[in-house]
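Undergrad: Below you will find the structure I want to go over with you.
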Amino acid sequence: MSYDVTEGLTLPHRIAWYADDIRLMIGRSMSAVDELSETQEQSSSIAELAPTRPTADRFMRALLRVNGIKKTRKAEQSAHRNMQIAMIITGIRCIITYLAIPIAVPIIGLSGAVSAPIGIGLSIIAVVTGISSLRQFWRSDHKYRWMYTAFIAVIFIVLAIALVSDISTIVRGA
């Protein structure tokens, strides 16, 4: 199902809504469309009835460069799939960074300067997939988009700390 901004409006209000939309699109008055909207009283309340997004929603959509809404079952499934991929990549990064590398360093004799670029690369991949999944959540207008935004923000903070740590390891080693 797609999101319809006129959902819940009466037919005269929908006609007035679309008439205003058409006027904006072509940039001039349309007398034929004006005739469809029966009275000025009906069209004057259209602004009050039209759903608007909160400022925070508009800010996040602008920040993530999300234009439009694809509120379909397929879009929600895609958002969930992208989130799962992002979490798997973040999990792999954590396993490599905090389990495999600390075990391999003493056994193989690798230095921290060798493991740091691996951590940086994995962190960058995790950030890219995280942003991609976050955009999908917002594009699909998912009901848990704010919860996921807060969750991914915490993940990004952890990734930023890991990046700073890895970069400082490289700088100290040089």
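The values are calculated or read from the model by the stated rules, or taken from the named source; none is laboratory data. Remember, it's a predicted structure, so these values are computed and weren't measured experimentally. With ideal geometry, Cβ positions are generated from the backbone for all residues, glycine too; neighbour counts draw on all protein chains shown. These area figures cover heavy atoms from the full protein model, side chains too; ligands, DNA and RNA do not enter into them. Shrake-Rupley method; radii C 1.70, N 1.55, O 1.52, S 1.80 Å.
Undergrad: Restricting to the stretch 132-174, count the residues that are open to solvent by less than 30 Å² (accessible area, probe 1.4 Å) and hydroxyl-bearing (Ser, Thr, Tyr).
TA: Number of matching residues: 4.
Undergrad: Just one of (1) without any contact (Cβ under 8 Å) to a residue 40 or more places away in the chain; (2) part of a helix (DSSP H, G or I) trips up Lys143, so point out which.
TA: (2)
Undergrad: Now a separate question. Among the residues of the stretch 98-138, count how many are among the β-branched types (Val, Ile, Thr) and either at pLDDT 75 or above or under 30 Å from Arg65 (Cα atoms) (or both).
TA: Looking only at that region, the number is 9.
Undergrad: Any idea which residue in the stretch 57-70 is nearest to the chain's Cα centre (by Cα), counting only those that are open to solvent by 70 Å² or more (accessible area, probe 1.4 Å) and in contact (Cβ under 8 Å) with a residue 24 or more places away in the chain?
TA: So the residue we want is Arg65.
Undergrad: Now for a different question. Would you check if Lys74 is part of a loop (DSSP other than H, G, I, E, B) and surrounded by fewer than 17 Cβ atoms within 10 Å (Cβ to Cβ)?
TA: no
Undergrad: From the list Ala104, Ala100, Ala86, which residue is out of contact with any Pro (no Cβ under 7 Å at 6 or more places or on another chain), open to solvent by less than 80 Å² (accessible area, probe 1.4 Å), part of a helix (DSSP H, G or I) and in contact (Cβ under 8 Å) with a residue 24 or more places away in the chain?
TA: Going through Ala104, Ala100, Ala86 in turn, just one is out of contact with any Pro (no Cβ under 7 Å at 6 or more places or on another chain), open to solvent by less than 80 Å² (accessible area, probe 1.4 Å), part of a helix (DSSP H, G or I) and in contact (Cβ under 8 Å) with a residue 24 or more places away in the chain: Ala86.
Undergrad: Let me ask another. Between Val127, Val164, which is in contact with a Leu (Cβ under 8 Å, 6 or more places away or on another chain) and free of Cβ contacts under 8 Å to residues at least 40 places away in the same chain?
TA: After ruling out the rest, the residue left standing is Val127.
Undergrad: Any idea which of Thr39, Thr52 is modelled with pLDDT of 70 or more, among the polar types (S, T, N, Q) and over 18 Å from the mean Cα position of the chain (by Cα)?
TA: Being modelled with pLDDT of 70 or more, among the polar types (S, T, N, Q) and over 18 Å from the mean Cα position of the chain (by Cα) holds for just one of Thr39, Thr52, which is Thr52.
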